[in-house]
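Novice: Got a structure for you, questions after.
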Amino acid sequence: MRTSKSISNVLVWQLLGKFALQGITFFTAPFFTRLLSPSDYGSFSIYTTWVGFFTIIIGLQTHGAIANAKIKYSEEEFPKFLSSILSISTIFFAFVLALSIVFLNQFAALFAFSKFLVILLVIHSFTAFCYSFYFAVLIQEKKSKENAILSVIISIITTILAFIFVLNSPNNKALAKILATAIPSILFGIVFLIKIFLNGKTFFNKEYWTFCLALTLPLIFHSLGGIILSQSDRVMLEKIIGLDSVGVYSVSYSLALVISIIWGACNTSWVPFYYEYKKTNNHKELHSKSNNYMIFYTIITLGFLLCAPEVFKILAPEKYWEGLKIIPLITLAYYFNFLYSFPANFEFYHLQTKLIAMSTILSAGINVGLNIVFIKRWGIMGAAVTTLISFIFLFIFHDIVARFVLRDKNYDYSWIFYLKGIIPVVVFSVLYFYLMPMAIFRWIIALVIGVFLLKRIVKTRSIF
């Protein structure tokens, strides 16, 4: 059994990798929000939203089978499995690319993109999937150090290109930012694709394809639901209000991305160990580490809420400051996304991907319906309220499945466990609006809870 120290080691490297991959983007945002207008920022955000959407479709989510395959297949078979299932994604990519070429004019009109951007979108989406596929392999093989180093290299290259392209593009800065993001993803994605194929040397294997598709086809709907939950508000803001509102909204999301980065690192680090605890029926260790995980992430979220207003004003000039009012709502939404991962990981462990997809699609439907109503009434505030409500339902639906539908599967988390985190985060989210003028007071509280968390980590010698 791996120790808590090994979990912490993996988490530290995962955090380094996540912050390198997305954190550099966050810390360079103050420059880009001043170089790009809200409209330019909105255009770039819409493009990346569609990349996220098509990455799920083109890749067929085959990387969703990697974690379970790591348990099922031997070390010798695993590389063969990887190259075989990646070939499924590659074949489907070729089909989508051909389709996009045949119907290029129609797709360009549908997305309001140039023909060049439509083709770039398809290629970028596939290579972004290859990128995600390779990193999913590194996670399961516990190669967190290699993960982090690659993330640093790719993120630095992307950032340098973005500055060069944007500064030298006086007329179309949005396209410059898009190209700077796409080019490294495409180049590295191709390298990772070739590496997986060379290691596995297996294009077709009926057993591998059957095992993979049985798990992952429902995950397409789950992942599409996740994209709708987190991104549809931007597309609908563009259609209902305009690109400026998308720019303001996206910058607010960029700040809250810090919380998402930390959750992403925590969850990818936690899942392999969670599977081991479940497999060995080590419920005592599982409950102890889950409680530590809850405390750690809750305190991080509280600290973020306390410090967010000043950080936002550094992140963006005054023309974006309307977004300050939606930060606590987005933060709460991310917190419920964190909570949803507990029942979702339980469902994944028991291979209940159809139920996972059903719960997520229901939440996505709620999101779209409420966005139509709330955005027209309240603009970006309506979009933020909708996002929060949708993520609450996402958590509730998945918890119902884990707690009641799979009731014979020994679900590990009580409602008391969740409420210990929900109550303080909700309270601090409400206080955010009242304490906004009291910067010194807020930062003192943040310092106190930060010291408490640090002392706790030092005392237990473990993050979890």
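We did not get these values from a lab; they are worked out from the coordinates using the rules stated. On a predicted model such as this, the values are computed, not experimentally measured, just so you know. Here the Cβ is made from the backbone with ideal geometry for all residues, glycine too, and neighbour counts use every protein chain on show.
Novice: For the range 62-162, treating each Cα as an identical point scatterer without solvent, what Debye log10 I(q)/I(0) comes out at q = 0.21 1/Å?
Specialist: -1.06
Novice: Ok, one more. Given the rule -39500 (n - 2.57) for each run of at least 4 DSSP H residues, summed and divided by the residues of the chain, what is its mean residue ellipticity at 222 nm, to the nearest 500 deg cm²/dmol?
Specialist: Theoretical 222 nm ellipticity from helices: -29000 deg cm²/dmol.
Novice: Mind checking the full-extension length gain between Leu447 and Arg377? Use 0.36 nm per residue of separation minus the Cα-Cα distance, one decimal, nm.
Specialist: 21.4 nm
Novice: Can you tell me how the range 186-237 classifies by the Cα gyration tensor, rounded, prolate or oblate, using a/c under 1.5 as the rounded cut?
Specialist: Oblate, since a/c reaches 1.5 and b/c is not below a/b.
Novice: Specify whether the C-alpha gyration tensor of the range 280-373 places it in the rounded, prolate or oblate class, a ≥ b ≥ c being the square roots of the eigenvalues: rounded for a/c under 1.5, otherwise prolate if a/b is larger than b/c and oblate if not.
Specialist: Here the range 280-373 falls in the oblate category.
Novice: What are the extents of the Cα atoms of the range 144-214 along their three principal axes, listed from largest to smallest and rounded to whole Å?
Specialist: So the three principal-axis extents are 53, 28, 21 Å.
Novice: Apply 1/(1 + (r/R0)^6) to the Cβ-Cβ distance of Leu99 and Leu419, taking R0 = 60 Å, and write down the FRET efficiency to the nearest 0.05.
Specialist: Once the sixth-power term is evaluated, E becomes 0.80.
Novice: Could you estimate the translational diffusion coefficient of the range 287-336 from the Stokes-Einstein equation, with Rh from the Kirkwood formula over C-alpha pairs, at 25 °C and 0.890 mPa s, in whole µm²/s?
Specialist: 201 µm²/s
Novice: Further question: Compute the signed sum of charges (Lys and Arg +1, Asp and Glu -1) over the other residues within less than 11 Å, Cβ to Cβ, of Ser37.
Specialist: Local charge sum for Ser37: +1.
Novice: Can you check what the net charge comes to around Met381, using other residues whose Cβ is under 13 Å from the Cβ of Met381 (Lys, Arg +1; Asp, Glu -1)?
Specialist: +1
Novice: Can you give me the C-alpha center-to-center distance between the range 56-108 and the range 189-226, rounded to a whole angstrom?
Specialist: With the range 56-108 and the range 189-226 each reduced to a Cα centre, they are spaced 4 Å.
Novice: Kindly state, to the nearest 0.05, the FRET efficiency for Ile400 paired with Leu167, given R0 = 45 Å and r defined as their beta-carbon distance.
Specialist: Plugging the Cβ-Cβ distance into 1/(1 + (r/R0)^6) gives 0.30.
Novice: Need one number: the % of Cα-Cα pairs in the range 226-297 sitting beyond the 17 Å mark.
Specialist: So the portion of pairs separated by more than 17 Å is 60 percent.
Novice: Put a dot 7 Å past each Cα toward the Cβ at Phe116 and Phe31; how far apart are the dots in nm?
Specialist: 2.4 nm
Novice: Determine, for Phe81, Phe103, Phe188, the number of other Cβ atoms within 10 Å of each Cβ, and report the residues in order from fewest to most.
Specialist: Taking fewest neighbouring Cβ atoms as first place, the list is Phe103, Phe188, Phe81.
Novice: Let me ask something else about it. For the range 380-453 and the range 131-183, what is the separation of their Cα centres, given in Å?
Specialist: Result: 31 Å between the Cα centres.
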